[in-house]
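**Student:** Below is the structure I would like to discuss, written out as structure tokens.
The values are calculated or read from the model by the stated rules, or taken from the named source; none is laboratory data. The shown structure was predicted, so the numbers you read here are calculated from the model rather than taken from an experiment. A quick note on method: Cβ atoms are made from the backbone with ideal geometry, for glycine too, and the neighbour counts reach across all protein chains shown.
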Amino acid sequence: MNTDETAMDTEPGSSLSGNHLLPQLVAHLREHRAKLRDEWASRIRDAHLLEAMTPQEMVAETTSVYDNYVEVLETGSVEALQHYARDLSERIIPRGVETHEVVGIVLLLRDVLARSLFEKYQRDFGLLNQILDAYEPAANRIANTVAVSFVDERERVIRQQQDAIRELSTPVLPVRERLLILPIIGVLDSERAKQLTEQLLSGIRTHRAKVVVIDITGAPDVDETVANHLVQTVDASRLMGASVIITGLSPTIAQTLVTIGVDLSKMNTIGDLQGGLEEAERLLGYSVTRKEVSEGS
Amino acid sequence: MNSGPALVSILRQGDTLVASVHTALDDSEMIRFQNDLVRQIGEVRARGIIIDVAALDVIDSFGSRTLRSIADIARLRGATTVIVGIQPEVAFAMVRLGMDMGQVPTALDLEEGLAYLARLRAVGAS
Amino acid sequence: MRVLAAEDRIEPGMIEPYAIATVRNVMATMWRRDDREVRNRHRVFDPTQPDDVENVLVASEEQLAINEALRRLTDRERQVLLAHEVSGAATQMLADEAGSTAGAVAAQLKRTRARLRVEYLLALDHIEPPTDRCRPVLLALSSADRRRQREVDAARHLLECDVCARLSEPLLDRGPVRDDVLHVTIGADPDIVSARRAARDLAAQAGFTGTDLTMLATAVSEVARNIVRFADNGDVTIELLERPRRGIRVVARDMGPGIADVEAALQDGYSTYSGLGLGLPGARRLMDEFNLVSEAGHGTTVSMTKWFDPKGSA
């Protein structure tokens, strides 16, 4: 695509191209490209930003950002920069690059370029002012675009990871016929608790489970809301005809359950998973006899 | 019974009555169902009753209480009621609503319900 | 606009009756009464053709009502409306004349049309509204202005006022059919099932799934039953929300005796159905937000919301 003067002339509506000083400015930045880019890269190093990158990568990326930057100044269109910023974000987010680093390097470039403009035009104060007036809004817009693209991309990645972790951490395991184990590992927030309940209840239907062992050894702590949810899950499982055994109940969680008014004697709790599985086998073999005894009393 | 497709069917299998709810019932229909079923329990001297509610997408407070009433009345007449087919989402909403089935046994589906009654009979006979 | 082309063929004194036909046509189109629209279109396109006797008889009553409705507008309103609808004056031109903006004129025209519809319905029935709340409510309905409808509590007024309940029917039929709000009138047992079905359908359309759908439907069932049991009739409105985030709001209103002790009605134990048999505590637990306003002798309004992908749903 031809992005020189023709593009400038055909975009009279753009706030950037409307300024007759921008071509001059762009020409200056193009002329001193190598020098300014290196200066920028060294400022990035000094500020300890993007340390996850190798020097070669740094040269490649700074060059790309620099060229995109100048192109935005010239055309007034941030679209290409946006694409590049997303693409860059996608590459650097997995390597742990933080939002402040990305914002930091863009602000550094803004500063490096502004200083160079200052140096060039310092003898003509009026012209300098005009140049900076043209430069600053564009530079701000660029900084904004890059930051927003990065944050958007980061949020997307985080959402993806969360989904993946959720699915991994709430497996409903069919151990043997009619028996499900649900090991709960990690922090249970109400969102996860809800998902877990849905998985368990539909698991009961799919696997035609009669007994479910919920092992919460791996859950460090639960608050009252989640404890309530756990109890509701047990009750709902019963409505579907499945008995629930809870194993690995820590004293703290037991205390929480008592605090919210749960009658622990009505919950089938067993110390460890091994004991829970034995109890499950027993229930699968003798479930009717047991139920009959408890109902007849 | 009113015209149109049957909302509920009640079938007899030996001394067991199997009542299947085919669609969402409003309160009056629920009451009618209760009356029909209770009448038949007396007529056939049923020992076991299975109520299949798999077709219900909502069991609210009224629905839960009616099911429990049926089971209570049946027990007074010497019959055991098993509620089968409560769907996962329905089960959770019932619990959240604050309803349960009390002492009324529940089972996953018709097959499990029949198995439950059979085992019960075996235990009672021994 | 349609009249504009014919303007030079019509005598100056004739413009008003001609305009009436056009206004009627505009209203008929808005109400989507296709048969009448066809008849009117025929009239407008070929004004020299005499109406057949039947049409004249049917039309004369309406004609009078429209005349009356037009008369009840202020001079200014009538002037602007006729200039726009009949002479085809653009809003910009009218705005320039009045020293106003095109947007303001368009808004004024919208209000005037809304008033014209209300006055037409009143005139057609030869009635005056029974209370001073009726006109504002009807106007809010006629202009399909939901914010204003909420301000004047239109839904409650429609329950209280038979006249407005009847007149509102053609007004609610008009305008684009909204697919994010559903109203269910509650008067008998089967309506409870209809209400929870409507809620489930709308929520499913909005992306709700599984347990959330069932919890919502169950809560709607409870509040709808309260209306049938304690107030005889009322209505349930189910609305899709996009702000502050996606959700479903359910508003259940009745004009029943009201709840004397709201606190008690909302209390129960953890898992037993005690309470007052109102099903309200359960409904509250099924939803994310729950609000109850009740006034002895003036009925009860329950508003409850379920958020999509809620954080604190457990």
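**Student:** Of the residues that sit in segment C:211-238 and are among the charged types (D, E, K, R) and buried (at least 18 other Cβ atoms within 10 Å of the Cβ), which one is nearest to A:Ala193 (Cα to Cα)? Lay out the reasoning, then the answer.
**Tutor:** Applying the first criterion (among the charged types (D, E, K, R)) to segment C:211-238 yields C:212, C:222, C:225, C:229, C:232, C:235.
Then drop every residue that is not buried (at least 18 other Cβ atoms within 10 Å of the Cβ), which leaves C:212, C:222, C:225, C:235.
Working: C:Asp212: 14, C:Glu222: 25, C:Arg225: 30, C:Asp235: 35 Å.
Among residues in segment C:211-238 that are among the charged types (D, E, K, R) and buried (at least 18 other Cβ atoms within 10 Å of the Cβ), the one nearest to A:Ala193 (Cα to Cα) is C:Asp212.
**Student:** State yes or no: is B:Ser3 more than 14 Å from chain A (Cβ to nearest Cβ), part of a helix (DSSP H, G or I), at negative phi and modelled with pLDDT under 95? Let's see the steps before the verdict.
**Tutor:** Details: more than 14 Å from chain A (Cβ to nearest Cβ): yes; part of a helix (DSSP H, G or I): no; at negative phi: yes; modelled with pLDDT under 95: yes.
Spelling it out, it is not the case that B:Ser3 is more than 14 Å from chain A (Cβ to nearest Cβ), part of a helix (DSSP H, G or I), at negative phi and modelled with pLDDT under 95.
**Student:** What single numbered condition from (1) assigned to a loop (DSSP other than H, G, I, E, B); (2) within 14 Å of chain B (Cβ to nearest Cβ); (3) at pLDDT 85 or above fails to hold for A:Leu249?
**Tutor:** It fails just one condition, (2).
**Student:** Kindly provide the set of residues from segment C:249-265 that are β-branched (Val, Ile, Thr) and assigned to a loop (DSSP other than H, G, I, E, B), ordered by number.
**Tutor:** Here is the first cut: in segment C:249-265, the ones β-branched (Val, Ile, Thr) are C:250-251, C:259, C:262.
Selection gives C:Ile259 alone.
**Student:** Considering only segment A:235-246, state which residues are surrounded by 22 or more Cβ atoms within 10 Å (Cβ to Cβ), within 20 Å of A:Asp272 (Cβ to Cβ) and within 14 Å of chain B (Cβ to nearest Cβ).
**Tutor:** Once the filter is applied, which keeps residues that are surrounded by 22 or more Cβ atoms within 10 Å (Cβ to Cβ), within 20 Å of A:Asp272 (Cβ to Cβ) and within 14 Å of chain B (Cβ to nearest Cβ), segment A:235-246 yields only A:Val244.
**Student:** Let me ask you something else. Among (1) among the polar types (S, T, N, Q); (2) under 30 Å from B:Ala93 (Cβ atoms); (3) without any contact (Cβ under 8 Å) to a residue 24 or more places away in the chain, there is one condition C:Ser221 misses while meeting the rest; what is its number?
**Tutor:** So C:Ser221 meets the others, but not (3).
**Student:** Going residue by residue through segment A:173-187, is there one that turns out to be within 12 Å of another protein chain (Cβ to nearest Cβ) and surrounded by 17 or more Cβ atoms within 10 Å (Cβ to Cβ)?
**Tutor:** Going residue by residue through segment A:173-187, those that are within 12 Å of another protein chain (Cβ to nearest Cβ) are A:178.
Still in the running and surrounded by 17 or more Cβ atoms within 10 Å (Cβ to Cβ): A:178.
Yes; the residues of segment A:173-187 include at least one that is within 12 Å of another protein chain (Cβ to nearest Cβ) and surrounded by 17 or more Cβ atoms within 10 Å (Cβ to Cβ).
**Student:** Where in segment B:29-126 are there helices (runs of 4 or more DSSP H), lying fully within it, with 3 or more residues that are within 13 Å of another protein chain (Cβ to nearest Cβ) and over 23 Å from B:Gln13 (Cα atoms)?
**Tutor:** Counting at least 3 such residues, we get B:61-76, B:88-97.
**Student:** Would you confirm, using the coordinates I've provided, whether C:Leu139 is at pLDDT 85 or above, closer than 21 Å to C:Thr74 by Cβ and surrounded by 16 or more Cβ atoms within 10 Å (Cβ to Cβ)?
**Tutor:** Details: at pLDDT 85 or above: yes; closer than 21 Å to C:Thr74 by Cβ: yes; surrounded by 16 or more Cβ atoms within 10 Å (Cβ to Cβ): yes.
Against the criterion (at pLDDT 85 or above, closer than 21 Å to C:Thr74 by Cβ and surrounded by 16 or more Cβ atoms within 10 Å (Cβ to Cβ)), C:Leu139 qualifies.
**Student:** Now a separate question. Pick from segment B:12-28 the residues that are of a type in the set (D, E, K, R) and more than 14 Å from chain C (Cβ to nearest Cβ): which of them is surrounded by the most Cβ atoms within 10 Å (Cβ to Cβ)? Break it down into steps so the answer makes sense when it comes.
**Tutor:** Let us first name the residues in segment B:12-28 that are of a type in the set (D, E, K, R), namely B:12, B:15, B:26-27.
Within this subset, residues satisfying the condition of being more than 14 Å from chain C (Cβ to nearest Cβ) are B:12, B:15.
Details: B:Arg12: 12, B:Asp15: 14.
Out of the qualifying residues, it is B:Asp15.
**Student:** Residues of segment A:205-232 being in a loop (DSSP other than H, G, I, E, B) and either hydrophobic (A, V, I, L, M, F, W, C) or away from chain C (no Cβ under 14 Å) (or both), which ones?
**Tutor:** A:Arg208, A:Ala209, A:Lys210, A:Ile216, A:Thr217, A:Gly218, A:Ala219, A:Pro220, A:Asp221, A:Val222
**Student:** If you go through segment C:207-235 one residue at a time, how many are within 10 Å of chain B (Cβ to nearest Cβ) and either closer than 16 Å to C:Arg197 by Cβ or not in a loop (DSSP other than H, G, I, E, B) (or both)? Lay out the reasoning, then the answer.
**Tutor:** Taking segment C:207-235 first, the residues within 10 Å of chain B (Cβ to nearest Cβ) are C:209-222, C:224-225, C:228-229.
In the following step, the residues that additionally are either closer than 16 Å to C:Arg197 by Cβ or not in a loop (DSSP other than H, G, I, E, B) (or both) were identified as C:210-222, C:224-225, C:228-229.
Final tally of qualifying residues: 17.
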